[in-house]
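The values are calculated or read from the model by the stated rules, or taken from the named source; none is laboratory data. Only a predicted model underlies this, so the values are computations on that prediction, with no experimental measurement involved. Positions of Cβ are generated from backbone atoms using ideal geometry, with glycine treated the same way; all protein chains shown enter the neighbour counts. The protein model used for the area step is the full one, side chains on, heavy atoms only, and it has no ligands, DNA or RNA in it. Shrake-Rupley method; radii C 1.70, N 1.55, O 1.52, S 1.80 Å.
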Amino acid sequence: MDTKTIFMTFFIINTLVSCVYPCLGQEDVDDKPLVNPGEFDTLDALSPASQEYNIYMLENLPAKYKTFLGTCADKMGPSGISECNEDVLREILTNKPVSRECCLMVVRAGKECYMEIRKFMFRLYQLKRFASQVSFKTNEVWNRCSAEVESPS
């Protein structure tokens, strides 16, 4: 056997094992919060430069996207977008589960809205450093909420 054959064999076996056991290639992120619960409340502190960044980002969003996000916010209800949004961020970043009421608002908005609001939130200056790390947790929160809403209390 030559080196190329050995490498290809190793690569194919490694790929097959990764498909069957995807958790082998991933760190267990379930137990490790991205932010310590005590630090969560400091995330909204903004400097003038970060405020300018957020304003610039908002001004340059396409009008259709802003309208879509507004419609999504409306679907969650008046308290949903403020209180529930913060609770969802807290769960994503600190692993503190949101309430059933919040889950109801999230599910009422729908998965597409939920995902787009999260994507938007993690574009804001104060949260963008977490953007590459929250995809799994964002889906996990959606799955938990939709399962909780579907099951009788």
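Scanning segment 113-138 for residues that are open to solvent by 40 Å² or more (accessible area, probe 1.4 Å) and touching a residue at least 12 places away in the same chain (Cβ under 8 Å), which turns out nearest to residue 83 (Cα to Cα)?
Residues of segment 113-138 open to solvent by 40 Å² or more (accessible area, probe 1.4 Å): 115, 119, 123, 125, 128-129, 131-133, 135-136.
From the residues that got through so far, the ones that are touching a residue at least 12 places away in the same chain (Cβ under 8 Å) too are 115, 123, 125, 133, 136.
Values: 115: 17, 123: 19, 125: 20, 133: 23, 136: 22 Å.
Here the answer is 115.
Could you tell me whether segment 96-106 includes any residue that is crowded, with 18+ Cβ neighbours inside 10 Å, within 17 Å of the chain's Cα centre (by Cα) and assigned to a loop (DSSP other than H, G, I, E, B)?
Yes, the conditions are met somewhere in segment 96-106.
Have a look at 86, 91 and point out the one that is within 20 Å of residue 134 (Cα to Cα), charged (D, E, K, R) and modelled with pLDDT under 90. Spell out the reasoning first.
Details: 91 fails: modelled with pLDDT under 90.
86 is the lone residue from the list that is within 20 Å of residue 134 (Cα to Cα), charged (D, E, K, R) and modelled with pLDDT under 90.
Evaluate the following for residue 33: is it modelled with pLDDT of 75 or more and either open to solvent by less than 100 Å² (accessible area, probe 1.4 Å) or among the acidic types (Asp, Glu) (or both)?
When the stated conditions are applied, residue 33 passes them.
Go through 89, 93, 69 for me and flag whichever is over 19 Å from residue 143 (Cα atoms), part of a helix (DSSP H, G or I) and either of a type outside the set (A, V, I, L, M) or open to solvent by less than 50 Å² (accessible area, probe 1.4 Å) (or both).
One residue alone meets the criteria, 69.
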